[in-house]
Amino acid sequence: MFGYRVPAPDEAMLISGGRRGLGGAPFRVVTGHGKFVLPIFRKVRFLTLSMCESEVTETCVTRQGIALHVRAVIAFKVGNDHESVINAGQRFLSDQEQMSVLTGRIFAGHLRAIIGSMTVEEIVTERQKLAAEVLDTSKTEMAKIGLIVDSLQIQSIDDGDTGYIDAMSAPHKAAIQRQAQIAQAQATQAAAEAEQAAARNQAEYARQTAVVKAEYSAEVDRAQAQAAQAGPLAQAHAQQEVLDAQTELALRQAKLRQQQLVAEIVKPAEAEAERVRILAAAEAQRMKIQAEAAASYDRVALDRMLIDQLPQIVKEAAGGLAGANVNVLNGADGLGEIAAGLVSQGLTILDSVRQNLSGHDSDGHRPAASESNGLPQLPSGKEEKPGDGPVHVD
């Protein structure tokens, strides 16, 4: 629309003519929106609000009297508030390039002043401190002209041909070099150890691989050997099973044959022997019974015959004393003893004759007998006669 003006986002629109601006400024400030401006009666200018840059290269003398060449870069801009825009517009609106020139000169003066109060060591080691002090001292002055500084960077510090900075840094360089050499040596040693470890690992891997291959080869050989022996072993097992079966069959046949022999020969023989033994035992028992019966009959007959002959035997024994001269020492008692002795002798003779006739004595032996009269022999060898006893003969 005719007469309607809009500033850019990084610009401030300054309208002069008509009524004055804020604080008695010769223009009104418009930012962020448009405004209708009457042509001919109003005049419009634009002041940049974007970031600007100024470079400072200055030779400064330190507190030690050493000249240093310092190079710095300042980033600045016009403040966003109306007061800063008015201050900057009144100073730089017709020539906005002068903002960088003036800013560089302001910072150069403050830089020389601050470096003059510091040593080279402080400047070199504390650059951030130097920049902060320069910004702090220039802040008020920069605000008067409507500018604000965003940052100050000390890009380089050089002492020219004096070599002070190099000398100052020599110990550090040596230490750094020493540390670098140590680090390099350590790195070399670590690399060597790593190579040796890698070699050992490779050797160990090769050994393990060889062992595994050998085990596989041995296992394959064993499998092949077992496979080669499988046929003969199977045949041998089969033959052994056939032999075992034949042996078992032979044992069964032998056991069956033994049973047959026992049934056909041993059992009949045992039965026949048992029959013969039973018959013999029966026959022996029969003969024993017959013998006992006969012997019993003979003893009865003999006893009866001897009893019948006993008086005659006693008579004959007594007759032997007829012509003997007998002296009786104890009277009637002595005669009784003589008579009793005759009877005892008769009984002894009867018993001896019985045993002789039966063929055995009481101990089961046949007694010796006299061929003349059939009487038993005395131990002295004399023939026992009737009348021997407790008598005394002259």
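Numerical summary
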item: Test: residue in the stretch 174-189 that is surrounded by 11 or more Cβ atoms within 10 Å (Cβ to Cβ) and under 23 Å from ILE66 (Cα atoms); result: no
item: Residues that are open to solvent by less than 50 Å² (accessible area, probe 1.4 Å) and under 18 Å from GLY146 (Cβ atoms), drawn from the stretch 8-23; result: ALA12, MET13, LEU14, ILE15, SER16, GLY21
item: Set MET168, MET142: member being closer than 16 Å to LYS77 by Cα and part of a helix (DSSP H, G or I); result: MET142
item: Hey, ALA194 under 55 Å from the mean Cα position of the chain (by Cα) and part of a helix (DSSP H, G or I) or not; result: yes
item: Residue list for the stretch 30-45, filter: modelled with pLDDT of 80 or more and in a strand (DSSP E or B); result: VAL30, LYS43, VAL44, ARG45
item: Residue that is most open to solvent (accessible area, probe 1.4 Å) [pool: residues in the stretch 46-66 that are hydroxyl-bearing (Ser, Thr, Tyr) and not in a strand (DSSP E or B)]; result: SER50
item: Residue that is of a type in the set (D, E, K, R) and in contact with a strand residue (DSSP E or B) (Cβ under 6 Å, 6 or more places away or on another chain), where the choices are ASP136, ASP166, ASP158; result: ASP158
item: Lone qualifier among VAL70, VAL120 - being over 25 Å from PRO9 (Cβ atoms) and without any contact (Cβ under 8 Å) to a residue 60 or more places away in the chain; result: VAL120
item: Subset tally (residues that are assigned to a helix (DSSP H, G or I), surrounded by fewer than 17 Cβ atoms within 10 Å (Cβ to Cβ) and among the acidic types (Asp, Glu)) for the stretch 96-139; result: 3
item: Residue within the stretch 121-139 that is aliphatic (A, V, I, L, M), modelled with pLDDT under 90 and over 13 Å from ILE154 (Cβ atoms) present; result: no
item: Checking THR162 against (1) exposed (fewer than 11 other Cβ atoms within 10 Å of the Cβ); (2) in a loop (DSSP other than H, G, I, E, B); (3) among the polar types (S, T, N, Q), the condition it does not meet; result: (1)
item: Hey, ALA88 in contact with a helix residue (DSSP H, G or I) (Cβ under 8 Å, 6 or more places away or on another chain), in a strand (DSSP E or B) and of a type in the set (Gly, Ala, Ser) or not; result: no
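The values are calculated or read from the model by the stated rules, or taken from the named source; none is laboratory data. Keep in mind the model is a prediction, meaning the values are calculated, not measured. Counting neighbours? That spans all protein chains shown, and the Cβs are built from the backbone with ideal geometry, glycine included. In case anyone asks, the SASA skips ligands and DNA or RNA and just uses the protein heavy atoms, side chains included. Shrake-Rupley method; radii C 1.70, N 1.55, O 1.52, S 1.80 Å.
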